[in-house]
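Student: One structure, as structure tokens, below. Some questions next.
The values are calculated or read from the model by the stated rules, or taken from the named source; none is laboratory data. In this text, all values refer to a predicted model and were calculated from it rather than measured experimentally. All Cβ positions, even for glycine, are placed from backbone atoms using ideal geometry, and neighbour counts span all protein chains on display. When the accessible area is computed, the model is the full protein with side chains, heavy atoms only, and any ligands, DNA or RNA have been set aside. Shrake-Rupley method; radii C 1.70, N 1.55, O 1.52, S 1.80 Å.
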Amino acid sequence: MESSRADRSRRSRPFRHRPLLYTALASVAVLGATAGGTVYVKAQAHSGAGAVSSAATPSASSSGWAAASASANGETSVEPVAEPTVDHDELLADAMKSVSVEDGAEVSAAVLDLDSGESASYGDGVFDTASIVKVDILATLLLQAQDADRHLTAQEKSYATAMIENSDNASASALWRIIGKAEGLDAANERLGLTDTAGGDDMLWGLTQTTADDQLTLLRQVFGDDSELSEASQTYVQGLMGQIAVDQHWGVSAAADGSGWALKNGWLPRSTTGLWDINSIGRVTADGHDYLVTVLSKGNSTQAKGISLAEATAKAAVSVFTGDGASASPSPAASAAGSK
């Protein structure tokens, strides 16, 4: 059964800018006045008595520049000039121009640099989760266990391991019942900060609806510092996502350097159309930085094409920060069949 709803508008996120460093006026060099009485100065900390910066032409990319206005009595006041804003969403949109998307298919992505806190997103559609919801199910279970001040039972741990590492559907269904199905998931997501995710009807957990931005929020709860999940709960989920079965080593891991990744994939052929939902979420390490990456797609003609799209999109997302725009090669797992 298909599920549809209006796309949500993507939430904007503020970007952090490096502060400008200013020193006493005695330590600045005046570079020239404009006709309107404005001069440009560059601050430099003292390295010795009387040290000042050397003259240079100010530019939009220069750091440490300030505008100084000269008054009639010769006094000069210095005011900071903000550095240019980097629009990472625009950079990702540019990177996605090199990614091939089939006619009728749709893809959305979000990426966060854990070190800088800067992020980018592309697309604002709503997608079926397929099996990536299993991370959300486990996060809900752990949050409920924390509230009850209890540990997971041996059976719950067995279900969790099979559900995440092997994407076992029977185990997911068992834990879906334990958490209270969609009602339990939605209640937990309200606390976790997922505002555009709604659990699937009855036992249809794979038809939970979500967005790339919401999945990035979920990953921040699993891998970030400020989380509703305890450190022990985070470590537990991270460990399982880092031990995914070999036949599922595809998706966002394509953007990682070597084996530096932890992920969960989802794949689902829709019975009414025969088209594939292909999703991948996780953490990857590239160029010494850790990135959280989410890729959601639908309308893929085959599973293999959907996987190739997910991998190329993950690489494009990470390239916003690394500058590496290399396209992904099809994964050996792209020929795997089934639905998860």
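Student: Here are some conditions: (1) in a loop (DSSP other than H, G, I, E, B); (2) open to solvent by 10 Å² or more (accessible area, probe 1.4 Å); (3) over 15 Å from Met163 (Cβ atoms). Arg220 meets all but one. Which one does it not meet?
Tutor: Status for Arg220: all satisfied but (1).
Student: Here are some residues: Asp202, Asp149, Asp196. Which one is in contact with a strand residue (DSSP E or B) (Cβ under 9 Å, 6 or more places away or on another chain) and either at pLDDT 95 or above or closer than 17 Å to Asn265 by Cβ (or both)?
Tutor: Asp196
Student: Which of the strands (runs of 3 or more DSSP E) contained wholly in segment 227-317 include at least 1 residues that are at pLDDT 95 or above, surrounded by fewer than 24 Cβ atoms within 10 Å (Cβ to Cβ) and at positive phi?
Tutor: Fully inside segment 227-317 and qualifying: 289-300.
Student: With respect to Ala148, determine if the residue is open to solvent by less than 50 Å² (accessible area, probe 1.4 Å) and free of Cβ contacts under 8 Å to residues at least 12 places away in the same chain.
Tutor: So Ala148 does not fit the description; no.
Student: Separate question: Name the residues in segment 203-220 that are basic (Lys, Arg) and without any contact (Cβ under 8 Å) to a residue 40 or more places away in the chain, would you?
Tutor: none
Student: Right, here's the next one. So, of the residues in segment 195-210 that are more than 17 Å from Leu175 (Cβ to Cβ) and open to solvent by less than 10 Å² (accessible area, probe 1.4 Å), which turns out to be nearest to the chain's Cα centre (by Cα)?
Tutor: This residue is Thr210.
Student: Search segment 292-309 for residues that are touching a residue at least 24 places away in the same chain (Cβ under 8 Å) and pair each with any residue that is β-branched (Val, Ile, Thr) and not in a strand (DSSP E or B) when their beta-carbon atoms are under 6 Å apart and the residues are at least 6 apart or on different chains.
Tutor: Taking only residues 6 or more apart or on different chains, the pairs are Val293/Val252; Val295/Thr313.
Student: So, in segment 161-174, how many residues would count as being surrounded by fewer than 23 Cβ atoms within 10 Å (Cβ to Cβ), touching a residue at least 40 places away in the same chain (Cβ under 8 Å) and either touching a strand residue (DSSP E or B) at 6+ places or on another chain (Cβ under 8 Å) or among the aliphatic types (A, V, I, L, M) (or both)?
Tutor: Summing the residues that are surrounded by fewer than 23 Cβ atoms within 10 Å (Cβ to Cβ), touching a residue at least 40 places away in the same chain (Cβ under 8 Å) and either touching a strand residue (DSSP E or B) at 6+ places or on another chain (Cβ under 8 Å) or among the aliphatic types (A, V, I, L, M) (or both) in segment 161-174 gives 0.
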